[in-house]
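To keep things clear, I will list the structure first and then write my remarks on it.
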Amino acid sequence: MIDANHSIIVVTPVFEDAEASTRLFQELAQQFGPRVYVVAVDDGSVRQPVQISALQAAGLQGAVVRLRRNVGHQRAIAIGLGHVSEFIQPHQRVVVMDSDGEDLPSSVPALLAELEKPDHDIVVASRRSRVETWRFKLFYILYKQLFSVMTGRNVSFGNFMAMKASAAIRLVAMQELSIHLAGAVLVSKLRTAICALDRGPRYAGRSKMNFVGLVLHGFKGLMVFAEDVLVRVGIACACIGAFAIFGVCLAIVLKLLGFSTPGWFSIALGVLLLIFLQTGALALMTLMLTGVVRGGTVTTQVAYHHFIDEVIETKGA
C-alpha cells in the first residue's frame, strides 16, 4: 500500500520486457531508495511477465498490476494512474516513465525540481537528443508538422513526465487518457512545463513498437483533438469548394468571350463541378461528425478495474 513515506510514485508499463524492467528497478532504488514506490503495470505479458521478486530484489516497495490482456502502453499507463489515484496523498509526486531505459532515472530529479514551482502542475520531458535511426527522426518531424497543421497545437513530448497528485487525479477523470497520454495533458488545461532531457539507450532487447504501431499511436494523438481536426478539414473543404465555384464562373466568362479552345470548357467545367461536389459532401460529413463528437463527449473516469487481473504488492508495502 502506498503510504506517506513514499514521496515519489513511479508508474511504468511493461510488456514482455522483464530484463529491462529489472534493471530499471535497480537504478530507481539507487537513485531514490525508500522514497520511491513503483507501480509496474504488466500489460498482459505471456513470455516474460514482471515478477514481484524483481522489485523485492532491488529493495523497493511497490506493486505489480497484472492486466487480463494486452491493452497497449497508453491504456496501461491510464490503468496505472487510476490505481495510484485511489491511494495518492497531496504531497506525493507521480512520475510516468517507460521501463526500457530510454527514460533515464537520473533525469527524474530534474523533472521533480521543475515541478516544485507553484505555477506548474505537470512537467514533461522534451527530447534534447535521441538514439534513433534517421528514418524515425524524419517521420517524427513530419508527424509533428502534420499534428500542428491539423490541431493547431505542438506536441514535443511523450510518456516521460512528472505531475502533482491533483494533476494525476484530474487526468484519471479524462476519457482521453487511455487514448493518448500526451494529448490528454494538452487538453487537460493543466499548467504544463517542458524540461529538455536526453534520451537513453534501451537496457536490453528491441522495441516492441513497429512502424504500424507508431503510426497508429500518432493517429490516436489526433483522435484526442477530433473536433479541432474535423473543423479544420471542414474549413479546408469550404475553401476548395469556393475555389471550384470561382473556377466555374471564370470558365463560363472565358467561354462567352471566346477564349476557350474546343473541348476545353466542358472538361474544365466537369472537373470543377466534380471537385465542388466531392468537397461539399466531405464538408457535410465533417460537420455531422463534429456534432457526433461534441454530443458524445462525456468525461468519465477510466474504468480500469475491468482490465486488472491481480495486484501483487511487495511485502511490507
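For region 149-171, taking the residues that are in a helix (DSSP H, G or I) and buried (at least 22 other Cβ atoms within 10 Å of the Cβ), the one that is nearest to the chain's Cα centre (by Cα) is identified as L171.
Restricting to region 157-173, name every residue that is small (G, A, S) and in contact with an Asp or Glu (Cβ under 9 Å, 6 or more places away or on another chain).
Once the filter is applied, which keeps residues that are small (G, A, S) and in contact with an Asp or Glu (Cβ under 9 Å, 6 or more places away or on another chain), region 157-173 yields G158, A162, S166, A167.
Candidates in region 54-97 are the residues that are among the charged types (D, E, K, R) and under 19 Å from Y304 (Cβ atoms); of these, the one that is surrounded by the fewest Cβ atoms within 10 Å (Cβ to Cβ) is R69. Could you tell me whether K144 is touching a residue at least 60 places away in the same chain (Cβ under 8 Å), farther than 16 Å from D198 by Cβ and charged (D, E, K, R)? Against the criterion (touching a residue at least 60 places away in the same chain (Cβ under 8 Å), farther than 16 Å from D198 by Cβ and charged (D, E, K, R)), K144 does not qualify. Every test in (1) part of a helix (DSSP H, G or I); (2) β-branched (V, I, T); (3) at pLDDT below 90 is passed by I2 save one, and that test is (1).
The set of residues in region 21-46 that are under 21 Å from the mean Cα position of the chain (by Cα) and surrounded by fewer than 20 Cβ atoms within 10 Å (Cβ to Cβ) contains only G44.
Here T133 meets the list (1) more than 21 Å from A76 (Cα to Cα); (2) at pLDDT 80 or above; (3) of a type in the set (V, I, T) almost entirely, failing just condition (2). In this entry, A20 is excluded by the filter for residues that are in a helix (DSSP H, G or I), small (G, A, S) and in contact with a Leu (Cβ under 6 Å, 6 or more places away or on another chain).
Per-residue answers, yes or no, for (1) aliphatic (A, V, I, L, M); (2) in a helix (DSSP H, G or I):
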site	(1), (2)
L24	yes, yes
L28	yes, yes
Q31	no, yes
A40	yes, no
R47	no, no
V64	yes, no
N70	no, no
Q89	no, no
V94	yes, no
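The values are calculated or read from the model by the stated rules, or taken from the named source; none is laboratory data. For clarity, every value in this text was computed on a predicted model and none was experimentally measured. Cβ atoms come from the backbone with ideal geometry, glycine included; neighbour counts cover every protein chain shown.
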